Amino acid sequence: MSEGDTRPTNFIRDIIDEELAAGKHEVIVTRFPPEPNGYLHIGHSKAILTNYSIAQDYNGRFHLRMDDTNPSKEDMSYVEAIINDLTWLGVEWGESLFFASDYYQQLYEWALFLINECRAYVDDLSLEEMKEYRGNLTEPGKNSPYRDRGVEENLDLFAKMKNGEYEDGAKVLRAKIDMAHPNLNMRDPVLYRILHHNHYRTADEWCIYPMYDFAHGQGDAIEGITHSICSLEFENHRPLYDWFIENLPVPSKPRQIEFSRLNLTHTVMSKRKLLALVEGGYVNGWDDPRMPTLIGYRRRGYTPESIHEFSKRAGVTKQNQVIDISLLDFCLRQDLELKAMRRMAVLDPLKVTITNFPEGEVEWYEGPNHPGIESFGTRMVPLTRELYIERDDFMEDPPRKYFRLAPGREVRLRYACYITAKEVVKDEDGNILEIIAEFDPESRGASTLDGRKVKGTIHFVSASENVPLEVRMYDHLFLNEDPEADGDFIQNLNPDSLKVITAYGEPELKGAKLGDPIQFERKGYFSIDPDSSEEMIVFNRTVGLRDSWGKKQRK
RNA sequence: AGCCCGAUGGUGUAAUUGGCAACACAGCUGGUUUUGGUCCAGUCAUUCUAGGUUCGAGUCCUAGUCGGGCUGCCA
C-alpha cells in the first residue's frame, strides 16, 4: 500500500479514539477468532482485515485465536488452512496464536465460581423440554424445576458431568439469569454441555465443553483483547458477553463492537451454501477459482493487496452491505495493471497467411514487458508467414467504428508490422477458415516513416513459433446479482461459469511461473494454475480487461 | 408479536458534529493511446415519509414506514 494512502475512518475507530483520549487503554488489542471447521472466504477477510488494520494503525497487537469449543466439527487441517490463508493475506500475529481449548481449565474454574455464587446450576431438562421452557419471541420462559438446586448439589452434579458419569445431553450447566428476559440469550443460557467426543487438541481430556458464549468473551479477557470486533449477528449476545465479564473475576474488560458482514453480488457466502456447491459437485472443491474462498481466489490469481484494498473500500458500518462485485474486479485490475508482464496469446485462433512474407523465415521483434514501466524490460516476439489472430479481430462486413481487420483494411500487428487483408478463405458452409494478407515491409517495427495512421492494433501469435495453452475462462458463478432472488441458489448457477479452451501463446510464456501475474494483451489478466504440467501449461483467467467495445456490441 | 439494530444516487462509504451533500465503483459522453487497456475530462441525489424546533436540518424532537437479526446442548 502506498504512502499517500489515508487511514480509514469508521465508527469503530471513532470509539477507539474517544477511549484513547479518555486514557482508557495503554495498547489496543484485537483478534480474529475463526472456528477451525471450514475455509475462509472473502467475507472473513473483511473481519480479519478490519481487526488487523486497527491493531496496526494503533500500534497495537493482533491475535489469531481458534475458537474451538465444538470438537464434533473441528479439525487440525482447518487450523492449517486458516493459517495458510492469513499468511497469504499478509496478516501477522507473531507469538499471538491462541486456542480457546487452551482455556478449558480456566473456563471450568470460572464455571465453579458461578455455581458457588449461585449464578449457575445443573439442569436435567431434555433438549425438547428446554425448548418448551424457554418460551418464544413474545412469551416469557419459565424456570426449570432444577433451577434452585443448592450449591453443593450443583457442584457434585457438575463434577460428575466432568467425570463422564452421564451420557451426552443428559445434563447441562446453565447460568441463572432471567427466564423472562426479552433477549432470549439471557434466558438461562447453557454454559456447558456433555460431549463424549475426541477433541483434535485435548483428545479425551474433557467430556464437557463450554459453549461459544461462555468461552468467547472470557478468552478475550484472558488475552487482554480491548476491542472484540465481530459481526452483527452477535449483537444480541452482547448483554450476555457483558454479563460474564461483570460476574466473573476476569483479568480485563474487553468491549464487543459489532459491524455488518460483507456480501457480494453474484456470490453466496454462507458456509452451508458453499459446502452445498462443493458437495453437489457444482464446483471442483474449495479451491475452485470460482469460489469466493481465499484459497479459491489465490488459485485464480487474485493478489492479497487487491483484497486489502477492496476491504478498505468496503468500509465498516452497521448497514447491511451488498457490494457490487465490480468493485472487487476494479481493485484487482488496479493492482495487476502495475504488476503484470504483458504477453500475447490468441484464445480463439483464426489463421492468417502473409503471402509476401518469406516461407520458413522468422523475424523477431522487441516488445516492452509493460507499456508504462521501463524497468520491466522487453522480450522478443516472433513473426512468421503463418500466424494466428483472434477470430473476432476480423469481420467480413464490419459495422461502423470497427477498427480491426476487414477485407482491404490495414491493421497493425502489435510490435511487428502492418498487414492488409486481401482474401478470405471459406469452407463450403461459408465458415471463415483463413485470411490471406500482405504486409508492408516498410512497416517493420510497427510504424512507418510516412506517419500514416493505422487505427487498429491487434495481437497475434506465430503459427509455428508458439506454446499451446489450456486456458480456463471464468465467469460469475451465479447469473443473478442476488443468487437467491428466485429461490434456490442452485437453480441460479451459471452454466457457463467455466469454459476450458485451447489457446496459443507467444514463446516467452514458457518461462512463466506459478504466481506470476500476466496480462494477455487486450484479453485480461491470467495466472498459471497448479494443474500445469510439462506437457501443458494451464492458465486461469483472473479477470478480464475492461471492455468498452464488447460492452457496446452487446447492446 | 417481544427485544436489538439499521435507513444518504444503481452500489459502497463520507459530511468540520446544526452551515453550499463529498469520494469511489458501476453507467453514460468525449480526449489521449502501438492494448477498444491504462491515463485524463465531463455527466449522473428533492439524504425513507409526515409533522415540528431553528435564520438555517442528512444531522435535533415527535409519529410512522421499510429492511435486517434473535426462539441450537452451533459459532
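Restricting to region A:64-103, name every residue that is surrounded by 14 or more Cβ atoms within 10 Å (Cβ to Cβ) and acidic (D, E).
A:D67, A:D68, A:E74, A:D75, A:D85, A:D102
Residue-by-condition table, conditions (1) modelled with pLDDT of 95 or more; (2) touching a Cys at 6+ places or on another chain (Cβ under 8 Å); (3) surrounded by fewer than 18 Cβ atoms within 10 Å (Cβ to Cβ):
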{"residue": "A:H196", "(1), (2), (3)": "yes, yes, yes"}
{"residue": "A:C207", "(1), (2), (3)": "yes, no, no"}
{"residue": "A:H216", "(1), (2), (3)": "yes, no, no"}
{"residue": "A:D220", "(1), (2), (3)": "yes, no, no"}
{"residue": "A:E223", "(1), (2), (3)": "yes, no, no"}
{"residue": "A:P239", "(1), (2), (3)": "yes, no, yes"}
{"residue": "A:P249", "(1), (2), (3)": "yes, no, yes"}
{"residue": "A:P254", "(1), (2), (3)": "yes, no, no"}
{"residue": "A:T267", "(1), (2), (3)": "yes, no, no"}
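Across region A:280-328, what is the number of residues that are within 7 Å of RNA strand B (Cβ to nearest atom) and open to solvent by less than 40 Å² (accessible area, probe 1.4 Å)?
5
Residues of region A:357-381 being crowded, with 19+ Cβ neighbours inside 10 Å and either away from RNA strand B (no atom under 15 Å from the Cβ) or among the polar types (S, T, N, Q) (or both), which ones?
Correct list: A:F357 only.
Test each condition in (1) modelled with pLDDT of 95 or more; (2) in a loop (DSSP other than H, G, I, E, B) for A:D450 and report the one that comes out false.
(1)
Please go through region A:329-344 and give me each residue that is touching a Ser or Thr at 6+ places or on another chain (Cβ under 8 Å), more than 8 Å from RNA strand B (Cβ to nearest atom) and open to solvent by 50 Å² or more (accessible area, probe 1.4 Å), ordered by number.
A:K339
For A:E233, are the conditions met, namely being open to solvent by 10 Å² or more (accessible area, probe 1.4 Å) and either modelled with pLDDT under 95 or not charged (D, E, K, R) (or both)?
So A:E233 fits the description; yes.
Residues to consider are A:D488, A:D475; find the one that is in the same structural domain as A:E506 (by TED's automatic domain parsing), modelled with pLDDT under 95 and either basic (K, R) or open to solvent by less than 80 Å² (accessible area, probe 1.4 Å) (or both).
Just one listed residue meets the conditions, A:D488.
Confirm whether A:R412 is within 14 Å of RNA strand B (Cβ to nearest atom) and either open to solvent by 70 Å² or more (accessible area, probe 1.4 Å) or modelled with pLDDT under 95 (or both).
no
Being hydrophobic (A, V, I, L, M, F, W, C) and in a helix (DSSP H, G or I) is the filter here; which residues of region A:257-282 pass it?
A:L274, A:L275, A:A276, A:L277, A:V278
Could you please find all residues in region A:496-515 being touching a Ser or Thr at 6+ places or on another chain (Cβ under 9 Å) and open to solvent by 50 Å² or more (accessible area, probe 1.4 Å)?
A:Y504, A:L514, A:G515
Considering only region A:183-194, state which residues are surrounded by fewer than 18 Cβ atoms within 10 Å (Cβ to Cβ) and more than 37 Å from the chain's Cα centre (by Cα).
none
Looking at A:L449, A:L433, A:L387, A:L405, which one is closer than 21 Å to A:M344 by Cα and either surrounded by fewer than 15 Cβ atoms within 10 Å (Cβ to Cβ) or within 12 Å of RNA strand B (Cβ to nearest atom) (or both)?
Answer to the check: A:L405.
A:F526: open to solvent by less than 40 Å² (accessible area, probe 1.4 Å), within 16 Å of RNA strand B (Cβ to nearest atom) and over 25 Å from A:M395 (Cα atoms), yes or no?
The answer is yes for A:F526.
Please list, ordered by residue number, the strands (runs of 3 or more DSSP E) wholly in region A:167-247 having 3 or more residues that are aliphatic (A, V, I, L, M) and more than 30 Å from A:R61 (Cα to Cα).
Output list reads A:172-175.
Could you name every one of the strands (runs of 3 or more DSSP E) located completely within region A:1-116 that has at least 2 residues being of a type in the set (V, I, T)?
A:29-32
For region A:477-523, what are the residues that are assigned to a loop (DSSP other than H, G, I, E, B) and free of Cβ contacts under 8 Å to residues at least 12 places away in the same chain?
Selection gives A:A485, A:D486, A:G487, A:D488, A:P495.
Just wondering, is there one or more residues in region A:243-263 that are without any contact (Cβ under 8 Å) to a residue 24 or more places away in the chain and in the same structural domain as A:W93 (by TED's automatic domain parsing)?
Yes, some residue in region A:243-263 is without any contact (Cβ under 8 Å) to a residue 24 or more places away in the chain and in the same structural domain as A:W93 (by TED's automatic domain parsing).
Any idea which of (1) of a type outside the set (K, R); (2) near RNA strand B (Cβ under 8 Å from one of its atoms); (3) in a loop (DSSP other than H, G, I, E, B); (4) in contact (Cβ under 8 Å) with a residue 40 or more places away in the chain is the one A:T138 doesn't satisfy?
Checking A:T138 against (1) of a type outside the set (K, R); (2) near RNA strand B (Cβ under 8 Å from one of its atoms); (3) in a loop (DSSP other than H, G, I, E, B); (4) in contact (Cβ under 8 Å) with a residue 40 or more places away in the chain, the one that fails is (4).
Scan region A:8-35 residue by residue and report those that are more than 24 Å from the chain's Cα centre (by Cα) and of a type in the set (V, I, T).
Residues satisfying the conditions are A:I15, A:I16, A:V27, A:I28, A:V29.
Here are some conditions: (1) within 9 Å of RNA strand B (Cβ to nearest atom); (2) surrounded by fewer than 19 Cβ atoms within 10 Å (Cβ to Cβ); (3) not aliphatic (A, V, I, L, M). A:G164 meets all but one. Which one does it not meet?
Single failed check for A:G164: (1).
The values are calculated or read from the model by the stated rules, or taken from the named source; none is laboratory data. Fair warning: this is a prediction, and the values are worked out from it, not measured in the lab. Cβ sites come from the backbone with ideal geometry, for glycine too, and all protein chains shown count toward neighbours. Side chains included, ligands, DNA and RNA excluded: accessible areas come from the protein's heavy atoms. Shrake-Rupley method; radii C 1.70, N 1.55, O 1.52, S 1.80 Å.
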